[in-house]
Every structure is written in structure tokens, then in C-alpha cells.
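See structure below.
The values are calculated or read from the model by the stated rules, or taken from the named source; none is laboratory data. These figures come from a predicted structure and were not determined experimentally. Ligands, DNA and RNA are excluded from the accessible area calculation, which covers all protein heavy atoms including side chains. Shrake-Rupley method; radii C 1.70, N 1.55, O 1.52, S 1.80 Å.
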Amino acid sequence: MSKKEALLKAAEDKVRLGGYNNFSFREIANEVGIKSASVHYHFPTKADLGAELAHQYTNAFLGALGEVDEIKANNQNPIDVYTQLFRNALLTDNKMCLCGLLGAQNESLPDKVRLEVKRFFDLNLAWLEKAHIANGESEPSHAAILTVSLLEGAMMISKALNDHSYFKLATQ
């Protein structure tokens, strides 16, 4: 893993546990074993790091999903595949969705981070709309919003109440 990748991983862990303000360059530099000033070599500002983090998270999330048509061709429900990514994040990793957490802090985020969070939701809603169309949903745009809202909300409630049974109940 490169130093840049290690910095992104350290920052992601911090953000997914406590939000955008839950890390400093000094903290992640210490975790990676470099000087704080060296972080600026890879990311001139915290906003640059946050934007790259959200961009990378979005790409990885969508990459893990795959294509709706391929999922349907394998006789799977794409909404189940989508839900499973959230389930794994919460139940296996005990973490929130990075962009969901950042989205809740939208007003306090730098513009470039806010744009990447928006990109996450725009691309996810487009993917979900396509998935709901493939499933024969009569109102795919509405269903897409309901799906992502349910999952992000169920994660938040489960974390707030420290009880993952709420997420399990919401997603059965």
C-alpha cells in the first residue's frame, strides 16, 4: 500500500467512525508513520483529502455493485445486492456509509467534498433507478429514493441505538 493509499485508509476509518471533523493531518500522519507535513505532499488541504476520499469511496462502492443487467442475468435481485453492501458495512465492519455520514454534515463541508458526496448520491440513485426498472417497478425514481433513504436511515438508527437489530428489521 502506498503512503497516499494508507493516508486515505486512515482518514476513511476516522470519518466513518466520527465524521469529517474526526481527523487531523497530524493524527493520520502518526497512524501511517510519516510527518504531518508529508501529508500535504499528497493532499495540500483537508478538503483535497476529503474530496479524494469520497470520490474513491463512490468508485469502490459502485464497482462492488457491478452492473444491473449482469446481476439480473445471474438471477439475482439488484436491490438485494445493493442492500448487502450496506449490511456488510454495518454488521460486519460496524461502520456507517462514508457518504451518508458526510451528507449529514453537508452544510459544514468544503465545497469540493460536498460535490463528491453529491456525486455519490446522484450515481447511486441512477443505479437504483435502473435496478428498479429492471425489477419492473412502476415508479423507479421514487423507489430509488426510498431504497437509499431506508438504508441510510436504518444505519443511522442502528448506530444511534447501538442495536443492529433495527437495521435487520428494516431490511428484511
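Could you sort Met96, Met156, Met1 by accessible area so the largest value comes first, with the probe set to 1.4 Å?
Working: Met96 25, Met156 110, Met1 170 Å².
From most exposed to least exposed: Met1, Met156, Met96.
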Task: Choice from Lys118, Lys130, Lys72 with maximal GNM fluctuation in the chain (Cα, 10 Å cutoff) - done: Lys72
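Per residue, how much space in cubic angstrom lies within the convex hull of the C-alpha atoms of region 65-110? The partial results should precede the final answer.
Working: hull volume 4.4 nm³, N = 46.
Hull volume over Cα atoms, normalised by residue count, gives 95 Å³.
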Open item on the list: Please report the accessible area of Asp69 (heavy atoms, 1.4 Å probe, ligands and nucleic acids excluded) in Å², nearest 10.
Closed with: 100 Å²
- [ ] Calculate how steeply helix 46-65 sits against the longest principal axis of the alpha-carbon atoms of the chain, using the helix alpha-carbon long axis, and give the answer as 0 to 90 degrees to the nearest 10.
- [x] 30 degrees
Task: Debye intensity ratio in log₁₀ form over the Cα atoms of region 32-145, taken at each q of 0.13, 0.18, 0.23 Å⁻¹ - done: -0.59, -0.97, -1.28
Open item on the list: Solvent-accessible area of Leu169, probe 1.4 Å, all protein chains present, reported in Å² to the nearest ten, please.
Closed with: 110 Å²
TODO: Mind pulling the angle between the C-alpha long axis of helix 3-18 and the longest principal axis of the chain? Nearest 10 degrees, somewhere in 0 to 90.
DONE: 60 degrees
TODO: With everything on Cα atoms, drop me the angle between helix 111-134 and the longest principal axis of the chain, reported from 0 to 90° to the nearest 10.
DONE: 20 degrees
Task: Heavy-atom accessible area ranking, 1.4 Å probe, most first, across Lys35, Lys4 - done: Lys35, Lys4
- [ ] With the Cα gyration tensor of region 92-150 in hand, convert its eigenvalues to equivalent ellipsoid semi-axes via √(5λ) and list them largest first in whole Å.
- [x] 25, 14, 9
TODO: Distance between Cα centroids, region 87-120 to region 133-168: provide it in whole Å.
DONE: 15 Å
- [ ] Would you mind calculating the relative contact order of region 17-172 from Cα pairs under 8 angstrom and at least 6 residues apart, reporting the percent as a whole number?
- [x] 23 percent
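Which entries in the list Lys4/Lys72; Lys112/Lys168; Lys95/Lys168; Lys3/Lys112 go over 26 Å, if you measure between the two C-alpha atoms of each? Don't skip to the end; give the middle numbers.
On the way: Lys4/Lys72 36 Å; Lys112/Lys168 34 Å; Lys95/Lys168 15 Å; Lys3/Lys112 22 Å.
Result: Lys4/Lys72; Lys112/Lys168 exceed 26 Å.
Excluding ligands, DNA and RNA, what is the solvent-accessible area per residue of the chain at a probe of 1.4 Å, expressed in Å²?
Working: 9110 Å² over 172 residues.
Ligands and nucleic acids excluded, the figure is 53 Å² per residue.
Could you work out [θ]222 nm for the chain from helices alone, using -39500 (n - 2.57) per DSSP H run of at least four and dividing by all its residues? Round to the nearest 500 deg cm²/dmol.
Details: 10 runs with 125 residues, N = 172.
The helix contribution divided over the chain gives -23000 deg cm²/dmol.
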